[in-house]
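> One structure, as structure tokens, below. Some questions next.
The values are calculated or read from the model by the stated rules, or taken from the named source; none is laboratory data. Here the structure is a predicted model, which means the values were calculated and not measured. A quick note on method: Cβ atoms are made from the backbone with ideal geometry, for glycine too, and the neighbour counts reach across all protein chains shown.
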Amino acid sequence: MKYTCPHCGEKTFTPLQKALAGSYRSIGKPCPNCGKKCCNGMGSIYFDSIISVIAFVLIMVLYMQSDSSNKIQSTVLMAVIIAVSFVLSFLFRMFFGKLVEPIRRMQ
Ligand SMILES: [Zn+2]
């Protein structure tokens, strides 16, 4: 399973390469075939913002509920929430959304 490059139309990106190509705001990764830069489209930005809002809300709830008796536990949980949100956005870029041309063109 490979993803189509928006420049040359060839299926050149593996899911992992696509995930590493970053978001629409990043400089992207070069296509192995034509060498032009590609990145993930708006879908991954929407998904990232939804995930970070959910993570933020969960962390705030944990923060407000934590007291001295469960401080370590809630700190660990916060770290888990951040790690999970990072993994989810990575998986989204791997399997969903399309590759597009980055806005920032850098050589
Ligand atoms: Zn290409």
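> Restricting the search to the range 1-38, which residues are crowded, with 17+ Cβ neighbours inside 10 Å and more than 11 Å from the chain's Cα centre (by Cα)?
Y3, C5, P6, H7, T12, F13, Q17, G28, K29, C31, K37, C38
> Checking S66 against (1) closer than 25 Å to G22 by Cα; (2) surrounded by 14 or more Cβ atoms within 10 Å (Cβ to Cβ), only one condition comes out false. Which one?
Exception for S66: condition (1).
> What tally of residues in the range 70-107 results from selecting those that are modelled with pLDDT under 90 and either in contact with a Phe, Trp or Tyr (Cβ under 6 Å, 6 or more places away or on another chain) or under 19 Å from L16 (Cβ atoms) (or both)?
1
> Which of the residues spanning the range 1-47 are more than 11 Å from the ligand (Cβ to nearest atom), over 14 Å from F95 (Cβ atoms) and not basic (K, R)?
Result: G22, S23, Y24, S26, I27, G28, C39, M42, I45, Y46.
> All but one of (1) modelled with pLDDT under 95; (2) farther than 15 Å from V100 by Cα hold for S44; state the number of the condition that does not hold.
Only one criterion in (1) modelled with pLDDT under 95; (2) farther than 15 Å from V100 by Cα is unmet by S44, namely (2).
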